[in-house]
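Taking it in order: structure first as structure tokens, then the write-up.
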Amino acid sequence: MLHQTTQSNKTITMTPNRGLTTFTQLVIMAAFALTLIGPMHAQVTEFDSLPSGTPNFTTTSGTPIAVPGAAAGTFLTITLPAVSSTCGSKCKTEHALLFLDMPNLYLSGVPTSATLGAEIWLYVGGVAGDCTAPAVEVAFGEISNDVVAAAQGRKPITIIAQVPLTGAPQVVTACWNVVRGGTLNSGGFASLTAINVN
């Protein structure tokens, strides 16, 4: 609020109430910031990993199977949260951004033809460990040796995919398989992460 002060020479000056002015400025800045960023949404992070000290895991499967987890009988998997909505078709679909990071992969063995190779997958749906229907493939990547060799260096891979969230929880499973024989190895750390975005 501004106060009027009358001086003896009949001039009028305006003196601001500094406390109110500061508060008003904060309100205006907050309203402006909300206008810029829009509605706020929780950032839900799901994470699973194979610790750095995890023993090597291997597969010789020619079809996708689940990457093992750190504990016996588990898999490298996470569960996406369900989202609820009361606005129907007017709602903006929320998504999860998936990150599969396997920096310590390497191939070994003898290929049945050409050179050794492997495929890494992200499946969504079903139950933990599903790499077939009802789970659905949402992304995959490939690695291979450049020449025929018993073993070569590490072949790191990172796969990023975006999937819509639904009204029910969804399981995400990391899967892998070899191509043209041989063995696919993971020497230690690997991670699967999901971040809820809008």
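Checking each residue of segment 141-155 against the condition of being closer than 16 Å to residue 76 by Cα and part of a strand (DSSP E or B) gives no match. So is residue 110 modelled with pLDDT under 85, closer than 13 Å to residue 178 by Cβ and either not acidic (Asp, Glu) or not assigned by TED's automatic domain parsing to the domain that holds residue 185 (or both) or not? Taking the combined requirement at face value, the residue satisfies it. Scanning segment 37-59 for residues that are loosely packed, with under 13 Cβ neighbours inside 10 Å and either assigned to a strand (DSSP E or B) or modelled with pLDDT of 90 or more (or both) yields a count of 2. When residue 73 is tested against (1) small (Gly, Ala, Ser); (2) out of contact with any strand residue (DSSP E or B) (no Cβ under 9 Å at 6 or more places or on another chain); (3) not in a loop (DSSP other than H, G, I, E, B), just one condition goes unmet, and that condition is (3).
Among the candidates 174, 168, the residue that is in contact (Cβ under 8 Å) with a residue 40 or more places away in the chain and not in a strand (DSSP E or B) is uniquely 168. Checking 129, 69 one by one, the residue that is on the phi > 0 side of the Ramachandran plot and at pLDDT below 95 is 129 and no other. In the set 134, 111, 156, only one residue is surrounded by fewer than 16 Cβ atoms within 10 Å (Cβ to Cβ) and either within 25 Å of residue 56 (Cβ to Cβ) or in contact with an Asp or Glu (Cβ under 7 Å, 6 or more places away or on another chain) (or both); that residue is 156.
In the set (1) farther than 21 Å from residue 60 by Cβ; (2) surrounded by fewer than 15 Cβ atoms within 10 Å (Cβ to Cβ), the condition left unmet by residue 139 is number (2).
The values are calculated or read from the model by the stated rules, or taken from the named source; none is laboratory data. No experiment lies behind these values; they were computed from the predicted model shown. No Cβ is skipped: glycine too gets one built from the backbone with ideal geometry, and neighbour counts run over all protein chains shown.
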